[in-house]
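This report concerns only the one structure given below.
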Amino acid sequence: MTDQRLILGQTIEFTGDPFEVPPAEAVRHQRHGAVLVEGGLIGAVGMADDLRATYPQAIVEDRGDALISPGFVDPHVHYPQTAMIASWGKRLIDWLNTYTFPEEMRFDDPAYAAEIAARYFDLTLANGTTTVSTFATSHPASVTAFFAEAKARGLRAYGGKTCMDRNAPDPLLDTVQSAYDDSKALLETWHGAGRLSYVITPRFSPTSTRDQLAALGALWAEYPDCLMQTHLAEQADEVAWVASLFPEARDYLDTYEAAGLLGAKGLYGHAIHLKSRERARLAEAGAALIHCPTSNTFIGSGLFDMGGLKAEGQRVGLATDTGGGSSFSMLRTMAAAYEIGQLSGTPLHPAQLWWLATAGSAEALGAGHQIGTLAKGIEADLIAVDLASTPAIAQSAARAEDIWQAIFPTIMMGDDRAIEAVWIAGEKRL
Ligand code: GUN
Ligand code: ZN
């Protein structure tokens, strides 16, 4: 009995970063392509006829004209905000206090955490997202619920306990010591357990004291192969608040840097209102900036400078930031990134958008050797995308003269109806 399977469809393989080489050179497209899946991994990618001849015993699944792509990678989300997505609010701090913190308080109930974790993964899988990095709440049980659900589904997943010891409601506050102890215990339980990775998670400087940031910096120094995630320079009034809370800091990034929380395994969500010193230090450190475009428009945060940041060599990923973001769909998120690019004078090519949602975000997580591309040896987390999923998309895509013209209507107008099938480690899950 063979467990070899051939999935037939259109394939695109990224051979480089389409921000660094012209998109046409960064991508290999096969109109009649195939992906061989074996033992949970991609065994080969090529032309359908060639792979059928080489692997005559493989079971064939023909997806027709669908695009066979790596599953989407979403490197900045808040799974506990699933139920309150699209809550009307004014500005970030008001939105956090009015909707986010009250909802996060409900996660002191492990049964509620488990219910939302399951609901969250139902939604992300329906949208073709196969790996996320989440902020949980400050309750350790919210991390347990997330990882338990991810494990049951066989997902590669990242997450951590959100640490806060000030400027949030009492029931959500931890302390310097409990944040360190709870994070460490969760890290030791989950980090490297199968496909799971723990992420050290200070929410952001306004909700952590210097001592708490330093304790989490010390924890990161003890476990340097872990990722660290936080928020940075999302809104102008937040930046001003940080300046008043940390008068000694040179800028917002300095509040992390002084605590040992700047590094190549650091993920910095939003990164909109950056000063030149911060940009230089982020590039020097090789940190990853996570662009959250639907959130930045929804909460009115500002325009991420994709063109300038990529040109200066910053590492960038693309994320939904649910529930500050207004969608679970990485297609909708690519569309928002395109629109923000247009408003900032950087018209992003569809190849750049697709790369950001797959390989770019996988690289931001330091997982580019495991997920996010179609290549031999990469884990077989795959999606089949219908490029004609609605009448409006179908009639526009019908005029396409190349693959990117065929994909772009799905980027701009597509949603979960475009996701025909999802495989996790080679197993069909949708
Ligand atoms: N900054 C601190 N916490 C949050 C959050 O939950 N969402 C967003 N968008 N920004 C934040
Ligand atoms: Zn966030």
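Each value in this text was obtained by applying a stated rule to the coordinates, not by laboratory testing. Because the structure is a prediction, the values reported are computed rather than measured. Here Cβ is always computed from backbone atoms with ideal geometry, including for glycine, and neighbour counts include all displayed protein chains.
Some observations on this one:
- Karplus-derived HN-Hα couplings along region 258-263 (A = 6.51, B = -1.76, C = 1.60, θ = phi - 60°), whole Hz, x at Gly and Pro: 5, 9, x, 10, 10, x
- Between residue 316 and 289, the built amide H atoms are under 5 Å apart, and every one of these is 5 or more places off in sequence or on another chain.
- Volume in Å³ per residue [convex hull over Cα atoms, computed for the chain]: 128
- Nearest-ten-degree value, helix 403-413 long axis tilted from longest Cα axis of the chain: 50
- Set of lysines near residue 265 by C-alpha distance (under 29 Å), chain-local residues within fewer than 8 positions excluded: 151, 161, 184, 275, 310, 376
- Against the chain, whose longest principal axis is taken from its Cα atoms, helix 140-152 shows a tilt of about 10°.
- Among the GluC sites (Glu not before Pro) found in region 326-430, those both in a DSSP coil and sparsely packed, with 14 or fewer other Cβ atoms within 10 Å of their Cβ, are 401.
- Simple rule: put +1 on each Lys or Arg Cβ and -1 on each Asp or Glu Cβ in the chain, find the dipole, and look at 118, 345, 100; the Cα lying farthest toward the positive end is 345.
- Using a simple spin-label model with pseudo-atoms 7 Å out from Cα toward Cβ, residue 211 and residue 181 lie 1.4 nm apart.
- Residues with amide H under 5 Å from that of residue 19, placed H, sequence gap 5 or more: none
- Whole-Å distance, taken between Cα centres, linking region 240-259 and region 359-394: 37
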